[in-house]
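What follows is a single structure, written as C-alpha cells, with notes after it.
The values are calculated or read from the model by the stated rules, or taken from the named source; none is laboratory data. This is a predicted model, so every value here is computed, not measured. Heads up, the Cβs are rebuilt from the backbone with ideal geometry, glycines too, and the neighbour counts pull from every protein chain shown.
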C-alpha cells in the first residue's frame with residue numbers, strides 16, 4: 001500500500017546481476033530512492049518497524065542490498081550501531097537512510113522522501129505512522145509504503161487506512177489487498193493459492209499443510225491461521241469472546257419481531273445450530 005503517490009512503485013533489484021539472493025520485495029525500492037534514479041539531493045529514506053529488533057533486521061537487509069552492488073557500496077557510509085546509511089557522492093549525495101522503531105524514536109520533524117513501514121499490523125499505537133505520514137507533505141514528491149498482513153480488528157490504524165483506501169475518497173492512497181474472502185473455506189487449498197501468490201514457489205505448500213492441521217483440530221488455532229496465512233481480519237484472541245466476530249456480523253440485521261413491552265426486557269441470542 002502506498003500513500004502520497006499516484007500509484008504503486010515497483011523496482012527491479014540491481015543486486016540481481018551480482019548474486020542469486022532476492023531481498024524482500026518492498027526493500028528493493030530503497031536503493032533506487034536513496035542513491036539511484038529516484039533519489040534527490042539530501043533526501044530522507046526511512047523504514048519503520050514495531051521494535052528495535054525488527055528494525056535491526058530490516059536495516060541488515062537494506063545494508064546487504066547495497067553491499068551486494070560494488071558501485072553502491074563505494075558511495076555510502078554505513079553506521080550499523082545507529083542503523084543509518086549516508087550517501088557520500090553521486091546521485092542522492094547527502095541523502096540518508098535510517099531504520100526507525102515504534103518503541104524508540106517516533107520520527108518527529110522528519111521529511112521522508114520515502115518510508116516503508118514493515119508489519120504495521122503489529123504496532124501498538126499509531127504515533128510513528130502518523131509522524132511519517134505527516135512528514136510526506138514536506139516534499140514535492142514523496143512516497144509511503146506499508147507492507148503488512150492485516151490487523152485483527154477494524155479499529156487498528158492499518159485497518160482504517162485500508163478501508164479508507166478501498167473507499168476511494170482519497171486518490172493518493174493505493175491499496176493492493178490480497179486476502180481470502182470471509183466466506184471462503186480456510187482449509188481448501190484453492191483458497192490458499194488464491195491469496196498466496198508465492199505458494200508453491202518460495203512459500204512451501206507442505207509447510208502450509210502442516211500449519212493447517214492444528215487449525216482444523218483446535219478452534220483456538222484457527223483465527224491465527226486465518227489472519228497470518230489467509231490475510232483475513234480475524235482476531236487471534238477471539239476464542240476468549242462470548243461471540244466471535246463472524247457470528248456477531250451475521251446477527252447485524254433489523255429486528256422484525258414484536259416490539260418489547262414493559263419495564264423489563266430480555267435479550268436473546270440465536271444462531272445456527274452449527275455455531276451454538
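Could you list, in sequence order, the residues of the stretch 207-231 that are outside any helix (DSSP H, G or I) and surrounded by fewer than 18 Cβ atoms within 10 Å (Cβ to Cβ)?
If the condition is that a residue be outside any helix (DSSP H, G or I) and surrounded by fewer than 18 Cβ atoms within 10 Å (Cβ to Cβ), then 218 is the only one that fits.
Return only the number of the condition from (1) modelled with pLDDT of 55 or more; (2) more than 20 Å from residue 75 (Cα to Cα) that residue 5 does not satisfy.
Checking residue 5 against (1) modelled with pLDDT of 55 or more; (2) more than 20 Å from residue 75 (Cα to Cα), the one that fails is (1).
Filter the stretch 114-137 for residues that are touching a helix residue (DSSP H, G or I) at 6+ places or on another chain (Cβ under 6 Å) and outside any strand (DSSP E or B); which is surrounded by the most Cβ atoms within 10 Å (Cβ to Cβ)?
120
One residue is enough: does the stretch 187-206 have a residue meeting the conditions part of a loop (DSSP other than H, G, I, E, B), modelled with pLDDT of 95 or more, farther than 22 Å from residue 121 by Cα and under 24 Å from the mean Cα position of the chain (by Cα)?
So far as the stretch 187-206 goes, yes, one or more of its residues are part of a loop (DSSP other than H, G, I, E, B), modelled with pLDDT of 95 or more, farther than 22 Å from residue 121 by Cα and under 24 Å from the mean Cα position of the chain (by Cα).
Let me confirm something: among 58, 45, which residue is in a strand (DSSP E or B), in contact (Cβ under 8 Å) with a residue 60 or more places away in the chain and in the same structural domain as residue 144 (by TED's automatic domain parsing)? Outline the logic, then answer.
Working: 58 fails: in a strand (DSSP E or B).
That would be 45, the only listed residue that is in a strand (DSSP E or B), in contact (Cβ under 8 Å) with a residue 60 or more places away in the chain and in the same structural domain as residue 144 (by TED's automatic domain parsing).
Name the residue that is surrounded by the most Cβ atoms within 10 Å (Cβ to Cβ), counting only residues in the stretch 138-175 that are touching a strand residue (DSSP E or B) at 6+ places or on another chain (Cβ under 9 Å) and in a loop (DSSP other than H, G, I, E, B).
142
Looking at the stretch 70-98, I want the residues that are free of Cβ contacts under 8 Å to residues at least 12 places away in the same chain and have a partner that is part of a strand (DSSP E or B) and surrounded by 12 or more Cβ atoms within 10 Å (Cβ to Cβ) with Cβ atoms under 6 Å, at least 6 apart or on another chain. Which pairs are those?
Final answer for the pair search is 77/86; 86/96.
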